[in-house]
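The values are calculated or read from the model by the stated rules, or taken from the named source; none is laboratory data. What you are looking at is a predicted structure, and each value in this text was computed from that prediction instead of being measured. Every residue, glycine among them, receives a Cβ derived from its backbone with ideal geometry; neighbour counts consider all protein chains shown. Side chains are part of the model used for accessible areas, which takes the heavy atoms of the whole protein and leaves out ligands, DNA and RNA. Shrake-Rupley method; radii C 1.70, N 1.55, O 1.52, S 1.80 Å.
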Protein chains: 2
Amino acid sequence: MSDFSILATDGKARRGALTTAHGVVNTPAFMPVGTAGTVKAMLPESVKATGAEILLGNTYHLMLRPGAERVAHFGGLHKFMNWPGPILTDSGGFQVMSLASLRKITEEGVAFRSHIDGAKIMLTPERSIEIQHLLDADITMCFDECTAFPATPEQAAHSMRLSMRWAERSRKAFQARPGYHLFGIVQGGIYRELREESAKTLTGIGFEGYAIGGLAIGEGQQEMFRVLDFTPDFLPLDRPRYLMGVGRPEDIVGAVARGIDMFDCVMPTRSGRTGLAFTRRGELNMRNARHTDDTGPIDPECSCPACRNYSRGYFHHLIKAKEMLGPMLLTWHNLHYYQELMQGLRAAIAAGTLDAFVADFHAQRAESESDRSAD
Amino acid sequence: MSDFSILATDGKARRGALTTAHGVVNTPAFMPVGTAGTVKAMLPESVKATGAEILLGNTYHLMLRPGAERVAHFGGLHKFMNWPGPILTDSGGFQVMSLASLRKITEEGVAFRSHIDGAKIMLTPERSIEIQHLLDADITMCFDECTAFPATPEQAAHSMRLSMRWAERSRKAFQARPGYHLFGIVQGGIYRELREESAKTLTGIGFEGYAIGGLAIGEGQQEMFRVLDFTPDFLPLDRPRYLMGVGRPEDIVGAVARGIDMFDCVMPTRSGRTGLAFTRRGELNMRNARHTDDTGPIDPECSCPACRNYSRGYFHHLIKAKEMLGPMLLTWHNLHYYQELMQGLRAAIAAGTLDAFVADFHAQRAESESDRSAD
């Protein structure tokens, strides 16, 4: 059984729909990140209003605070945070490695100390799956080790094979229920043979969807696209493909053309909090003095509340004055921009005009008035 | 001409309506504070949704950043901050004394240094009125010196008489236009004779409304109520009376019963940002550990989004995790509580049942489950 339908294709790109216990996700989809049970600076109804259909929650943060058992006591993450739609949770593996201290990886799992209170904690595939079950995730991710970049072929192979053994344990620990999905994560660094081996191992186990992990961690867009030129071909056509932690608008456009269906990234939300606004003509830094007296909107073609009701000069003021309304409205604008981009990509694939859409996307950015890149 | 209509009275309390250039304000009214061109952590449409009809803007903050001339360039404060309704601005006098450094008061005005960049600035009655004109305030306040507490009768008299001379200069500097009002400010500390002298001086000049200044600055509720027992009697019945910077719910209830029509205070917004929630049964501190596992709402009888959609445990989590959504929703709840209180007071005055309303207000608080006072 697959709850994933492919409604149209255009080259390698796919326009699909994934049914989950809490609703349907139209793909290609971008998932705003709700790290600690909230998409920072946004009411959930505002996130919904941007067009988002699915959120990402972070297992690592939620297991530490408020705790997975506590979220279950509140009826699961949907009820706790007032988001009735689909939720995907990561496995905690990536953030244990980037945020926790005194990490020790063994075959069993990862022992670490909480970055909040120093508590000693063990995270294993079984516990990660249990936590995601307690959170009531519609899409659960296998516990894996995100292979570092750079890594030698030997390091990447060693790391990937550990993740594959953990994927098998994750599959066994997962309780199958209608509308609840477990995704495997392809690792293997930048190496074609390792990506192929990983994909074959995972498809041998069998998952409802497949993520591509270990990218957008320093290898650069060109190298990422090279890996995305071959990795999706190792995966079954009829299952959703999720590129973890990506990315900038231009990364998403390039990845969709290479057959990716799902994305998540903190960029629109995090950038919004620092005063950066994404537009079809590039990124604007509202802190820049050139916006001080500008009575025009961030993007005259954008229909979000930030662009309909406020001037660039007002945002410049809010950011300078450190007023919360700046992050609130710029986060809204950026999520709206990302969702509009996804709607455009979905419509273009359905119409068979993705090439023209991509050309237009790059042409608009070439007329850029960008203040600086989002890096 | 007066744009103030008294629709009903109950004892000294009045149910009125004040017409301004940007709309009607039903009184008794509570004005949320939008210090720097935004009610902190709130979209203006959310402020409106709480029932607020008029905001307060701060001349001192706005003159320093973004600057009054700049706000005028953006079409005035209403347009700049996307609040189409009435706005009252203070004169800057109070905050110059509490926030600026190297202050020097002369007959001419106050010289000071900006707390933002140290710039040397002179604020006079004429400049204060000009700034409020540039901001396009519906209600402009006379420039005054808020007499300190405690003050000897001599100090209070000296300070009050300076404010009266400044009130006369403010009146002369103010450009009369339909729907735009200038309010005088009664000073005189805790001294009946000085309050009477100040009120007589102001009514001799003639203003569209009268504020009572120099209270809620350390004298305590009992002493404030004592001053409010006689001061409103010195003011014309047919003009609105505004008690500046007040206050806690119980202060407002007591002041309305003594004939006050308008209020402003940072308490609901500032408290919301620190995790404090006002309820009819007292103030709750959402940081308190007893809320950790509580699946119930802040106030089951409250219809605001914070109480309809979220648990106390969720707010405890948001505050502990320092998530912006906590201040956003708690500010909304507190403003909703304050506006519901004002609606209740207005309805009770109209029905002639204010005594019963006040008794019920205190009875509900006596069954308090308060975590701590809002002080």
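Scanning region A:23-42 for residues that are surrounded by 20 or more Cβ atoms within 10 Å (Cβ to Cβ) and away from chain B (no Cβ under 14 Å) returns A:Val25, A:Thr27, A:Pro28, A:Ala29, A:Phe30, A:Met31.
Every condition in (1) buried (at least 17 other Cβ atoms within 10 Å of the Cβ); (2) without any contact (Cβ under 8 Å) to a residue 12 or more places away in the chain; (3) not small (Gly, Ala, Ser) is met by B:Arg103 except one, and the failing one is (1).
A Cβ distance below 9 Å, combined with a sequence gap of six or more or placement on separate chains, defines the contacts here; from region B:58-71, residues that are facing chain A (nearest Cβ under 9 Å) reach residues that are polar (S, T, N, Q) in the pairs B:His61/B:Thr35; B:His61/B:Gln95; B:Arg65/B:Ser114; B:Pro66/A:Thr292; B:Arg70/A:Thr292. In contact with a strand residue (DSSP E or B) (Cβ under 8 Å, 6 or more places away or on another chain), among the charged types (D, E, K, R) and modelled with pLDDT of 95 or more - does that describe any residue in region A:161-183? Yes, region A:161-183 contains a residue that is in contact with a strand residue (DSSP E or B) (Cβ under 8 Å, 6 or more places away or on another chain), among the charged types (D, E, K, R) and modelled with pLDDT of 95 or more. On the stretch given as region B:51-73, residues that are out of contact with any strand residue (DSSP E or B) (no Cβ under 8 Å at 6 or more places or on another chain), surrounded by fewer than 24 Cβ atoms within 10 Å (Cβ to Cβ) and under 29 Å from B:Leu329 (Cβ atoms) total 3. Within region B:312-326, work out how many residues are open to solvent by less than 10 Å² (accessible area, probe 1.4 Å) and at the interface with chain A (Cβ under 7 Å from one of its Cβ atoms). The total comes to 6.
Residues in region B:130-160 that are crowded, with 21+ Cβ neighbours inside 10 Å, modelled with pLDDT of 95 or more and of a type in the set (S, T, N, Q): B:Gln132, B:Thr140, B:Ser159. Looking at A:Ser128, A:Ser159, A:Ser91, which one is in contact with a Ser or Thr (Cβ under 6 Å, 6 or more places away or on another chain), more than 19 Å from A:Ala68 (Cβ to Cβ) and among the small types (Gly, Ala, Ser)? Going through A:Ser128, A:Ser159, A:Ser91 in turn, the sole match is A:Ser159.
Which of the residues spanning region B:106-129 are surrounded by fewer than 21 Cβ atoms within 10 Å (Cβ to Cβ), among the hydroxyl-bearing types (Ser, Thr, Tyr) and modelled with pLDDT of 95 or more? Result: B:Thr106, B:Thr124. Among the residues examined, B:Asp251 does not qualify as in contact (Cβ under 8 Å) with a residue 24 or more places away in the chain, under 21 Å from B:Ala151 (Cα atoms) and assigned to a helix (DSSP H, G or I).
The residues listed here are B:Leu329, B:Leu345; of these, the one that is modelled with pLDDT of 95 or more, away from chain A (no Cβ under 14 Å) and open to solvent by less than 10 Å² (accessible area, probe 1.4 Å) is B:Leu345.
Given the structure, is A:Met244 touching an Asp or Glu at 6+ places or on another chain (Cβ under 8 Å) and either open to solvent by 40 Å² or more (accessible area, probe 1.4 Å) or of a type outside the set (A, V, I, L, M, F, W, C) (or both)? Spell out how you get there, then give the answer.
Details: touching an Asp or Glu at 6+ places or on another chain (Cβ under 8 Å): yes; either open to solvent by 40 Å² or more (accessible area, probe 1.4 Å) or of a type outside the set (A, V, I, L, M, F, W, C) (or both): yes.
Yes: the conditions hold for A:Met244.
Candidates are the residues of region B:181-197 that are in contact with a helix residue (DSSP H, G or I) (Cβ under 7 Å, 6 or more places away or on another chain) and closer than 26 Å to B:Thr19 by Cα; the one that is surrounded by the fewest Cβ atoms within 10 Å (Cβ to Cβ) is B:Leu182. Only residues that are away from chain A (no Cβ under 12 Å) and surrounded by fewer than 21 Cβ atoms within 10 Å (Cβ to Cβ) were counted across region B:77-87, and they come to 1. Remark: pairs (first residue in region B:223-245, under 14 Å from B:Arg195 (Cβ atoms); second residue surrounded by 23 or more Cβ atoms within 10 Å (Cβ to Cβ) and of a type in the set (Asp, Glu); Cβ separation under 6 Å; 6+ apart in sequence or on different chains) = B:Arg241/B:Asp261. Just one of the listed residues (B:Glu45, B:Glu126) is away from every other protein chain (no Cβ under 14 Å) and either among the charged types (D, E, K, R) or part of a helix (DSSP H, G or I) (or both), and it is B:Glu126. In region A:298-311, how many are more than 28 Å from the chain's Cα centre (by Cα) and more than 11 Å from chain B (Cβ to nearest Cβ)? Looking only at that region, the number is 0. Here A:Gly16 does not fit the description of being within 14 Å of chain B (Cβ to nearest Cβ), crowded, with 21+ Cβ neighbours inside 10 Å and in contact with a strand residue (DSSP E or B) (Cβ under 8 Å, 6 or more places away or on another chain).
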